[in-house]
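Just below is one structure, and these are the notes that go with it.
Derivation of every value follows stated rules applied to the coordinates shown; laboratory data play no part. The structure presented is a predicted model; accordingly, all values stated were derived computationally and were not measured. Neighbour counts are summed over all protein chains in view; Cβ atoms, including those assigned to glycine, are modelled from backbone coordinates with ideal geometry.
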Amino acid sequence: MKKTLSKAEHNTLLHTVREAYMEVFPTSSIESKLDVLEPGSYIAVTCSPSKGVEVTLDMVERLAQRGFKVVPHVAARMVRDDAHLREILQRLDDLPIISLFVPGGDAAKPIGKFSCALDLLRAISEFDHKLSEIGVASHPEGHPTISRDVLMKDLLEKQKYSNYLVTQMCFDANVLANWLREIRDLGVTLPAWIGLPGVADRSTLVKTSLRIGVGDSLRYLKNRGKIAANLLRSKSYRPDELLADLAPYIADPSYNIAGHHIYCFNQVESAEQWRHEFLDALQSQD
């Protein structure tokens with residue numbers, strides 16, 4: 001990291017990267033890759049539109065038994081009805097799970113009555129459960145199919161049923177900071193976990209970025225020459241520069257940034273190796 005950080009920025013960044021957690025997809029091969037993580041690490045497990053929520057819960061159960069602190073994703077569009085939701089919550093209550101993340105989901109059509117995250121959040125609030133933390137998704141660069149005004153209105157409403165937010169992957173610290181100032185001015189006080197693009201191969205990162213609406217299609221990269229150059233001149237991306245640019249905002253309490261959610265695209269070994277290298281570099285500056 002070439003940028004000079006203040007003491008507060010350095011210490012805060014050291015803490016948030018140390019406490020960062022990985023998001024993984026529930027595949028047949030991913031569980032064997034998680035041995036590289038420290039015992040008791042937090043792991044978020046996504047909810048696949050093709051495999052359904054039960055596959056996520058099966059994996060969550062196995063990882064919890066291994067001692068990981070697991071955050072299951074339960075996508076609204078993958079929950080059939082109230083009876084299905086009750087089954088899900090009862091199953092989570094039988095596990096040492098304290099945090100649940102509720103996105104709308106990527107399924108083209110809902111399989112049941114819940115079409116969006118807000119619908120499911122309201123339903124969850126009607127049930128007894130042991131969960132103490134419920135997180136919601138947020139989109140600093142907008143959403144491919146939902147207007148910005150609707151996103152803001154929904155985030156304010158979701159705040160009634162949740163206690164943290166996770167941002168969609170973003171490559172630009174200024175975009176994140178401006179968006180955080182905007183939602184704070186609107187009254188959103190939820191602690192923010194910044195969705196960090198982890199170490200990933202270039203093609204995976206670009207394809208995913210365009211699919212989820214990061215920036216404005218290909219113009220996103222064209223309009224950010226420095227970021228595009230860093231991404232395109234090598235086979236993989238490292239978020240070192242992004243973190244250095246974020247450091248002043250992370251250290252500023254008014255932004256209420258709690259930590260980092262790493263989108264590692266199941267490249268856990270590479271992401272964890274980068275994380276330790278980044279921490280070692282920071283600690284060498286002490």
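Residues L282, L180, arranged from fewest to most other Cβ atoms within 10 angstrom of their Cβ, appear as L282, L180. When Y237, Y164 are arranged by Cβ crowding within 10 Å, least crowded first, meaning fewest neighbours, the order is Y164, Y237. Note on D106 and T189: the extension gain reaches 27.3 nm, defined as 0.36 nm multiplied by sequence separation minus the Cα-Cα distance.
Would you mind calculating the gained length between I146 and H15 on full extension (0.36 nm times residue separation, minus the Cα-Cα distance), in nm to one decimal? Answer, rounded to one decimal: 43.7 nm. Within the shell defined by Cβ-Cβ distances under 11 Å, the residues around L243 carry a net charge of -1, with Lys and Arg each +1 and Asp and Glu each -1.
With a Förster radius of 35 Å applied to the beta-carbon distance between K160 and S32, the computed FRET efficiency rounds to 0.30. Of K51/K158; K69/K130; K130/K153, which sit over 22 Å apart, Cα to Cα? From the list (K51/K158; K69/K130; K130/K153), the Cα-Cα distance tops 22 Å for K51/K158; K130/K153.
Averaging the Cα positions of each part gives two centres, and for the stretch 247-277 and the stretch 111-148 these lie 23 Å apart.
Fully extending the segment from S115 to D82, taken as 0.36 nm per residue of separation minus the present Cα-Cα distance, adds 10.6 nm.
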